[in-house]
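The values are calculated or read from the model by the stated rules, or taken from the named source; none is laboratory data. Keep in mind that what you see is a predicted model, and the values were worked out from it rather than measured. Glycine also receives a Cβ, built like all others from the backbone with ideal geometry; neighbour counts cover every protein chain displayed.
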């Protein structure tokens with residue numbers, strides 16, 4: 001199947017109300033980690049041992065995402081490790 005249109009993201013929907021604050025923090029952190037992991041894979045970083053905190057933060061700056069915390073950097077490496 002030939003795709004001739006560029007990728008367009010789906011329309012964002014509001015998050016469900018009534019959850020604890022920690023749920024929203026974890027949810028947004030996971031989304032950020034996934035975006036960063038995809039950006040690292042696209043840039044040629046395929047192993048979690050290559051993805052140091054400095055490299056992840058530089059990629060975030062290049063993509064236009066706020067610099068991630070140490071916890072988010074750890075999640076990025078975990079996603080890269082278990083994606084196989």
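Odds and ends about this structure:
- Matching residues, the range 36-46, being in contact with a helix residue (DSSP H, G or I) (Cβ under 7 Å, 6 or more places away or on another chain) and either surrounded by 16 or more Cβ atoms within 10 Å (Cβ to Cβ) or closer than 14 Å to residue 77 by Cβ (or both): 36, 37, 39, 40, 45
- With respect to the conditions (1) within 25 Å of residue 12 (Cβ to Cβ); (2) surrounded by fewer than 13 Cβ atoms within 10 Å (Cβ to Cβ); (3) at pLDDT 95 or above, residue 54 falls short on a single one, namely (1).
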